[in-house]
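Have a look at the structure below, then the notes.
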Amino acid sequence: MGMQKFVIPKNLTKALHFIGGTRINLGSYNPTFDVFEPRNGQVLATVEEGKRSDIEEAAQAALGAQEKWALVSPAERGMILRRVSDIIRHNVDDISVWEVRDNGKPISEAKADILSCADTFDYFSGVDLNGEHIPLADVDERFAYTRREPLGVVGCIGAWNFPMQTASWKIAPAIACGNAVVYKPSPLAPVSAVILAHILHHVGVPDGLLNVVQGGAHTGAAICQSRAISKVSFTGSVVTGKIIAQNAASDFVKPVTLELGGKSSCIIFEDSNIELAVTGAMMANFFSQGQVCSNASKVLVHKSILEPFTKALVERTSEMIIGDPLNESTRIGATISAEHLEKVKGYIDGAVEEGAHLIHGGNRAVVNGLPNGYFLEPCILSNITPQMKVYKDEIFGSVLLIIPFDTDEEALRIANDTTFGLAAGIFTNNLSKAHGFARKIRAGNVYINTFNDVSPYVPFGGYNQSGYGRENGKAAVEHYTQYKSIFVNASNKLENPF
Ligand code: NAD
């Protein structure tokens, strides 16, 4: 049987909720919020905020769908997930345009993000849900076996910096493991999750398997507190993560996955290839206007190569094209919101007041034809001290701090001088140094002679305040299934212990 071609709906600025298999508007009494298009500062959509009753409706739809979905064999689920990835690949250009309008990142990056979502559905289509057989005593035919069972309905709360990728990292493993989902995107970038819901609907999953309810903190809190929802998967800030964990235990306890912020370092050792290290430092800071959780704003450079490194970095950063993110040649697009741009600019200005040297960028940029877009030049600062706010806080913008070091011990101390623990980078040609540092750094993700790589095959997540639980890889399955252990006595005999 041939499948009808999937077509992205034209109007994705209204009725952005997807409950029980249908796009809907919520009640006229729901409060609304505006979504702005970062590239031009115009209102893209006005969206109703989901109330507790809307979350309950979505959770009930999900419960019904989950019962049906759990009966679908893993092989059949896998086939359905692969159809999802095919459709994503076929529609990468159109989906990317929506992602850019919603988020502001350059379209070249958006395309890579969207293709990685297809890879994620592919990976989880083949996920291993096998249980174990555990022999106990052969003589009287005793053994145990384990089943990996779905949790039920998973509530997912997303961030705005990688809208479709965040959604896919949660939805693909959740449904591959037999769960249904209630997804709340960030109110700053609500569209691509709706596209994903359309795609899942198109490939024929039960109505209600993926529900999208838009909203902010209230809607998110309702997800955490709903008795119909058995698990919460969250991506966002540490401050919100703490509230999520509290709310997820306020009535019924439920497991939580927290993918939180970071404050990472990238260490450039004296023997590294400078061109490669400059590329790495840029990859660690300038994707998605610097709004990347695993970014390493602290770039630690060995004193012996500080001068050539800095010179090359400034040269190459000044070549990056700031422009309309819908243009293929653009490398720096628009910041997510006017408020966030002010926040990042505030960090830069504050650092300069505290004595940092501004060696490149850091000003608002004006892009031809888009005078109201939220554009900011990528920024490089030096003369950083540990007392500065930029040294301690997650900036979440394109602000690269050059921090010179002398000894390996000093580099390690600065890299670990944070309460976060999401990522770290090491540039060196010395094998034992690279792997020694990889072991000693307290972070969930370490990059050697590269930075910010992701793969659905590889677990991703944080140490310390950067959260707990892992997304991607086999590790993700642990967080979307629960073990059931079954003890069996097949001997027809049972000794009376009394
Ligand atoms: P945020 O914490 O402000 O919001 C995240 C989500 O939580 C949004 O959907 C928001 O509406 C919702 N929310 C807010 N208050 C809530 C509440 N009380 N209860 C339930 N939900 C609530 O974060 P943000 O500004 O959207 O994203 C930026 C942060 O996310 C940064 O700190 C970044 O490092 C982090 N992040 C982490 C990862 C990761 O994988 N570790 C990935 C991307 C972003």
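Computed from the coordinates by the stated procedures, all read-outs in this text should not be read as laboratory data. None of the values given here were measured: they were computed from a predicted structure. Virtual Cβ from ideal backbone geometry, glycine too; neighbours counted across all protein chains shown.
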Under-19-angstrom lysine pairs by C-alpha in region 207-300, whenever the two are 8 or more apart or on separate chains
5
Charge dipole of the chain built from unit charges on the beta carbon (Lys, Arg +1; Asp, Glu -1), centred at mean Cα; most positive-end Cα among Ala15, Gly421, Phe269 is Ala15
Starting from the amide H of Cys266, placed 1.01 Å from N in the peptide plane, find each other amide H under 5 Å away whose residue is 5 or more places distant or on another chain.
Lys298, Val299, Leu300, Gly425
Between region 138-177 and region 209-257, how far is it from one alpha carbon centroid to the other, in angstrom?
16
The Rg/Rh figure for the chain, Cα atoms and Kirkwood Rh, to two decimals is 1.01
Report relative contact order for region 256-330 in percent, whole number only (criteria: Cα-Cα under 8 Å, sequence separation at least 6).
35
When a/c reaches 1.5 or more, the comparison of a/b and b/c decides; with that in mind, is region 1-143 rounded, prolate or oblate per its Cα gyration tensor?
prolate
Antiparallel DSSP bridges in region 265-448: what percent, to the nearest 5?
20
Compute the distance in nm between two label points, each set 7 Å from the Cα along the Cα-to-Cβ direction, one at Ile8 and one at Val488.
4.9
Please get the size of the charge dipole for region 265-448, origin at its Cα centre, with Cβ charges of +1 on Lys and Arg and -1 on Asp and Glu, quoted in debye to the nearest 20.
380
Using a Förster distance of 41 angstrom, determine the FRET efficiency expected from the C-beta separation of Ser455 and Asn496, and round it to 0.05.
0.15
How do 386-395, 27-36 rank on mean C-beta neighbours within 10 Å, highest first?
386-395, 27-36
For Asp251 and Lys392, what is the calculated FRET efficiency with R₀ set at 41 Å and r taken between the beta-carbons, to the nearest 0.05?
0.70
What size of dipole, in debye to the nearest 20, comes out for the chain about its Cα centre when the only charges are +1 on Lys and Arg C-beta atoms and -1 on Asp and Glu C-beta atoms?
700
With Asp128 itself left out, Lys, Arg at +1 and Asp, Glu at -1 over residues whose Cβ is under 15 Å from its Cβ give 0
Fewest-first sequence of Tyr480, Tyr457, Tyr123 by Cβ atoms within 10 Å of each Cβ:
Tyr457, Tyr123, Tyr480
How high is the FRET efficiency between Tyr145 and Val203 when r is their beta carbon distance and R₀ equals 41 Å, given to the nearest 0.05?
0.80
